[in-house]
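So the structure is just underneath, and the comments pick up after that.
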Amino acid sequence: MQTDRLIDDYLRRLEAAAAHLQRSRREELVAEIREHIEAALREEDAANEVAVRNILERLGPPEEIVDATEPAPMEISRDPGRLETAALVALVVPFVGWIVGVALVLLSQVWSRRDKFLGIALALLPAALPFIFIAVGSNSGPETSLPVPGGKASGSGPEGMSSGDGGVGVLEVLGIVLLFLAGAPSAVFLGWRLRRSD
């Protein structure tokens, strides 16, 4: 009776430790351990209390059995790889590259959430500035215009400067340059964070 009590107590502890598992898996695990105990007892000379305690001691705590049956979480590689390199390269390619780069940054497991947020913000902010410059430049006077080859001077501005529709403003040119370089600050920042994480 004492041996049965010891086994039943052990199996109850095992079932409690496996409470978070699916019911079918929990019942299967308890049945497997019960069969293991019974098989081990058959090999003993005497199925007494001492033999049962020895078998249960060899099995170890029920919690350890449950932990051993659960699949180990996948080890996430924290080392920079091809995905991170591709993200940095894509970020410096205008337009389509930014979209691909941002998507790859979000997929990466190497950069922290904060690094991803700052990196994406650094890509979006310069991309928005050119539109602001172009809007401001379209309302500017002749003093912010660049010479247009073959253009006719108008008003009192210097020859070759255009204050009309044909002129290209300094702010507009600056905006276009920034538009093409918008992903560079993000790539530099994220590349620096990769080096810091090594």
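The values are calculated or read from the model by the stated rules, or taken from the named source; none is laboratory data. Everything numeric here is computed off the predicted structure, so don't read it as measured data. Here the Cβ is made from the backbone with ideal geometry for all residues, glycine too, and neighbour counts use every protein chain on show.
Observations on the model:
- Looking at Val52, Val93, just one residue is part of a helix (DSSP H, G or I) and either within 30 Å of Leu190 (Cβ to Cβ) or modelled with pLDDT of 85 or more (or both), and that residue is Val52.
- Among the residues of region 92-111, those identified as touching a residue at least 12 places away in the same chain (Cβ under 8 Å) and among the small types (Gly, Ala, Ser) are Gly97, Gly101, Ser108.
- Restricting region 185-198 to residues that are assigned to a helix (DSSP H, G or I) and surrounded by fewer than 16 Cβ atoms within 10 Å (Cβ to Cβ), the residue that is modelled with the lowest pLDDT: Ser197
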